[in-house]
Amino acid sequence: MQRLEHEGDIAADYLEELLDIADLDGDLDMDVEGDRASVQIGGADLSLLVGSNGEVLEALQELTRLAVYRETGERSRLMLDIDGHRAQQRERLVALAETSIAEVRESGESVSLEPMSAFERKVVHDAVAAAGLTSESEGAEPKRHVVILPA
C-alpha cells in the first residue's frame, strides 16, 4: 500500500509540473484502486490532454509511468484518468459487454468484439467474468480483440 501511495505521489508531482508547463489548471486526486495507484485530473477544459479517442491520455499515462519508473526502478501499473474519460469509457464498455453477454447466452455462440486497447479489453474481461462466462483476447496489436465464449 505504501509503495502504491508513493507511486501516486511521484505521478502527481510529475503531472503538476506538466500542467504548469502547459499553463493548464487542473485538480489532482490520488488514490489506490486494488493493486494499482490511480491519479485523476479534473478541472477546466482538459480535453486537449485526452485527445479525440483517448490517445493523448494513453501517451500521458505511459510518460507518467516512466517518470515513476525513473524514481523507483520498478514498473508501475498506475492508471491515469482525465476529466472522467476513463470512467465514462468503462461505463460504455460494461454496457457493450452486457449486451454481448446476452447475445452469447441467447445464441450459444461466441461473439468477437472490435479491436480494443489493453485497458478496454481488461474492462470487458472483468465484466464477462463477473457474469460467469469466459473470454479471451485474440489477434495482435493493433487488432487485438476480445472474444466472449459461451458457457
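Taking the conditions exactly as written (more than 26 Å from HIS145 (Cβ to Cβ), touching an Asp or Glu at 6+ places or on another chain (Cβ under 8 Å) and surrounded by 14 or more Cβ atoms within 10 Å (Cβ to Cβ)), does VAL50 satisfy them or not? In short, no.
In this structure, is GLY108 surrounded by fewer than 16 Cβ atoms within 10 Å (Cβ to Cβ) and modelled with pLDDT under 95? It is false that GLY108 is surrounded by fewer than 16 Cβ atoms within 10 Å (Cβ to Cβ) and modelled with pLDDT under 95.
Among the residues of the stretch 27-45, which ones are surrounded by fewer than 19 Cβ atoms within 10 Å (Cβ to Cβ) and on the phi < 0 side of the Ramachandran plot? Residues satisfying the conditions are ASP27, LEU28, ASP29, MET30, ASP31, VAL32, GLU33, ASP35, ARG36, GLY42, ALA44, ASP45.
All of (1) modelled with pLDDT of 90 or more; (2) farther than 22 Å from PRO142 by Cα hold for VAL50 with one exception: (2). Across the stretch 4-38, the qualifying residues are those that are free of Cβ contacts under 8 Å to residues at least 24 places away in the same chain, assigned to a helix (DSSP H, G or I) and among the charged types (D, E, K, R), and the one among them that is farthest from GLU74 (Cα to Cα) is ASP20.
A quick yes/no check of all residues on (1) crowded, with 19+ Cβ neighbours inside 10 Å; (2) under 30 Å from LEU15 (Cα atoms); (3) not hydrophobic (A, V, I, L, M, F, W, C):
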position	(1), (2), (3)
ALA59	no, yes, no
ARG65	yes, yes, yes
GLY84	no, yes, yes
ILE101	yes, no, no
SER112	no, no, yes
ILE148	yes, no, no
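Residues in the stretch 67-82 that are among the polar types (S, T, N, Q) and surrounded by fewer than 19 Cβ atoms within 10 Å (Cβ to Cβ): THR72 only.
The values are calculated or read from the model by the stated rules, or taken from the named source; none is laboratory data. Keep in mind the model is a prediction, meaning the values are calculated, not measured. Cβ sites come from the backbone with ideal geometry, for glycine too, and all protein chains shown count toward neighbours.
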